[in-house]
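Asks: Here you go, one structure.
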Amino acid sequence: MSRQGVQLLASGESLMRRRAIALMRDPRHSATALGVLLPGLEECELAISDCDLSTRAFNCLGRAGIELWGELSSWRIASLEELRGAGVGTVDEITLEVVRFWAESQL
């Protein structure tokens, strides 16, 4: 395993949470596709139903036709904010899960 992978495992959820929060809060990133911010995301074929999303987050993504995490690679954070029924907490939750799955796939 790479040194970066070991560091990620050692720091656990807090590193992923910081990465997700940085992505969400930086206004420069709101117009950038998630696939650009998280290289390789488009290759993730894990179903969103296989994770521990709240019902609201799952339904918001389902209404948008998102079934796989990789399908979010072309989405911008600003687009997530426009999903019907998605408030700040839901967008935070979705972004955190995307970063978590992306980070796990990079190990």
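Every number in this text was worked out from the coordinates using simple rules, so none of it is lab data. Since this is a predicted model, take the numbers as computed values, not measurements. Neighbour counts run over all protein chains shown; Cβ positions are idealised from the backbone, glycine included.
Asks: Between residue 68 and residues 5 or more places away or on another chain, which pairs have amide H atoms under 5 Å apart, with H built 1.01 Å from N, and which residues are they?
Replies: Placed amide hydrogens put 48 under 5 Å from residue 68.
Asks: Sticking with this one: Sort 67, 42 by Cβ crowding within 10 Å, fewest neighbours at the top.
Replies: So the ranking, lowest neighbour count to highest, is 67, 42.
Asks: Sticking with this one: Can you work out ³J(HN,Hα) from phi for every residue in region 45-50, in order, using Karplus 6.51 cos²θ - 1.76 cosθ + 1.60 and θ = phi - 60°, giving whole Hz and x for Gly and Pro?
Replies: The phi angles translate into 10, 7, 6, 5, 5, 8 Hz.
Asks: Just rank 51, 44, fewest to most, by other beta-carbon atoms within 10 angstrom.
Replies: 51, 44
Asks: Could you give each residue of region 91-106 its phi-based ³J(HN,Hα) in whole Hz, using Karplus coefficients 6.51, -1.76, 1.60 with θ = phi - 60°, and x for Gly or Pro?
Replies: 5, 4, 4, 4, 5, 4, 5, 4, 5, 4, 5, 5, 4, 5, 6, 8
Asks: Calculate, for residue 78 and residue 47, the FRET efficiency according to 1/(1 + (r/R0)^6) with r their C-beta to C-beta distance and R0 35 Å; round to the nearest 0.05.
Replies: FRET efficiency, residue 78 to residue 47: 0.90.
Asks: Now a separate question. Collect residues whose amide H, placed 1.01 Å from N in the peptide plane, falls under 5 Å from the amide H of residue 86; neighbours closer than 5 in sequence don't count.
Replies: HN-HN under 5 Å from residue 86: empty list.
Asks: Among 46, 96, which comes first, second and so on when ranked by fewest other beta-carbon atoms within 10 Å?
Replies: Lowest count first: 46, 96.
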